[in-house]
Amino acid sequence: MTRINENFLKLSKSYLFSNIATKIKEYKALHPDKEIISLGIGDVTQPLSPASIEAMHAAVEEMTAADTFRGYGPEQGYPFLREAIVENDYRPRNIELDASEVFISDGAKSDTGNIGDLFSNKNSVGLTDPIYPVYIDSNVMNGRSGDLIDQKWNNISYYRCTAENDFIPTLPTQKTDIIYLCYPNNPTGTVLTKAELKKWVDYAITNQSLIFFDAAYEAFIQEEDIPHSIYEIEGAKQCAIEFRSFSKTAGFTGIRCGYTVIPKELKGFTEEGKPVSLNELWHRRQTTKFNGVSYITQRGAAAIYSKAGKEQVKQMVNLYMNNASFMKKELERFGLNVYGGENAPYLWIKTPNNISSWEFFDQMLCNANVVGTPGVGFGPSGEGYFRLTAFNTPENCKKAIERITKWLSKV
Ligand code: PLP
């Protein structure tokens, strides 16, 4: 008899976006003539930058000759990409990293999900609510969550983020070992200032906690004083791991590439309190369980740091942020309370008349033929909110807003 990891049975049966896909499929079956616009799942629509395409074509050419062909690469990534990241993403912000502190991966989903492998189940976990569901589900799988009671796992602390507290989480009152922060935030699109983030770094240093900082959306930050990296905060190298992704920044959702930074000075502890390098532990984990990202992909990723690549990627980000700004303005003009959308490609909308997130989803699908994501799917504090992404084309975003406002004006 082969025993399973029963923690998997604790997970809800289907992932949020599968539920949404099922609802859309059912609606389409009944209304085959309706054209549906999706502002739901956070997937990009713009093609890769010409710089990445060119670099990937050149990399394919290299694969055609025995003397330039590449087989297995280093599990942690090729030095050319790790160094480009240090040079371009960190040095200009006065953050000194060594390339060996950067681990290339197939994306931030895998890394934020897998990082839990390094840590004991005895750690307490805290996270902002609502949140990217991977953080919670991966802790459930590892047996760190406890039981689900009233929509919350009883071994996980939830830091409520709603309009009432301006989406700024309050520091935990009890000692918490692992804290997940995601800024700019998915799903709320909100950010923390340096001063706010510093409070978390200070808390982590004082309490010997570890922060998992997901900065997958840092490229979308428009305002000054919003940290792009947690390492902009003094002391963060002693208490934080940072996750980044090329998915949204450079259109790599399908190509797959991201990276994780684990500073050498960052330590975890044995039961006896002996410090252990987390960089070395992750290195060990990755060399066993991961065989690296393809050479072609890494060449494509490195190309976004060329002069042309930087400009092209900036244009892509601007296109999405112009969508966000347009959608926010129009919906606000219509009287809705809309959060986010200024430093992130997500709008977080308070549902009118306090209707539930799922009810709003159903009504919008049926009456406006636009799909978004019910806020409650990201955690209990998301109830009564709704997420729209700005990742569609400008034409579709405009059409979707026209339909939504037309529908709401009749309600
Ligand atoms: N982190 C956050 C907060 C996200 O919203 C997403 C994707 O939507 C990811 C990570 C996953 O990124 P990747 O495509 O690099 O796996």
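The table below lists the values:
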read-out	value
Size of charge dipole - segment 245-312 - debye, nearest 20, with Cβ of Lys, Arg +1 and Asp, Glu -1, no other charges	240
Distance (nanometres) between label positions extended 7 Å along Cα→Cβ at THR270 and GLU96	3.1
Spatially proximal lysines relative to LYS194 (Cα-Cα < 17 Å; intrachain offsets below 8 disregarded)	LYS237
Residue-averaged 222 nm ellipticity for the chain, from DSSP H runs of 4+ at -39500 (n - 2.57), nearest 500	-11000 deg cm²/dmol
26 Å Cα-Cα reach of LYS307 towards lysines, excluding residues that sit fewer than 8 places from it in its own chain	LYS248
Full-stretch length increase - THR2, LYS289 - with 0.36 nm per residue and alpha-carbon distance subtracted	101.1 nm
Pair ASN353, THR405: separation of 7 Å Cα→Cβ label points (nm)	2.1
Net lengthening on full extension, ASN19/SER124 (0.36 nm per residue, minus Cα-Cα)	34.8 nm
Amide N proximity, segment 100-140 versus LYS10 label position 7 Å along Cα-to-Cβ, cut-off under 16 Å	116-117, 119-127, 134-140
Calculated FRET efficiency for the pair ALA163/ILE41, C-beta based, R₀ 25 Å, to 0.05	0.55
31 Å Cα-Cα threshold exceeded, pairs from LYS122/LYS328; LYS13/LYS274; LYS10/LYS314; LYS198/LYS310	LYS122/LYS328; LYS13/LYS274; LYS10/LYS314
Kirkwood hydrodynamic radius over Cα pairs of segment 53-307, then Stokes diffusion coefficient at 25 °C and 0.890 mPa s, in µm²/s	129
Cβ charges +1 (Lys, Arg) and -1 (Asp, Glu), total dipole of the chain, debye	780
FRET efficiency, 1/(1 + (r/R0)^6) with R0 45 Å, evaluated for VAL60 and ASN337 via beta carbons	0.40
Potential lengthening between LEU171 and GLU223 on full extension [0.36 nm per residue; Cα-Cα distance subtracted]	16.3 nm
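Values quoted throughout were computed directly from the atomic coordinates according to the rules given, and no laboratory measurement underlies them. Here the structure is a predicted model, which means the values were calculated and not measured. Every residue, glycine among them, receives a Cβ derived from its backbone with ideal geometry; neighbour counts consider all protein chains shown.
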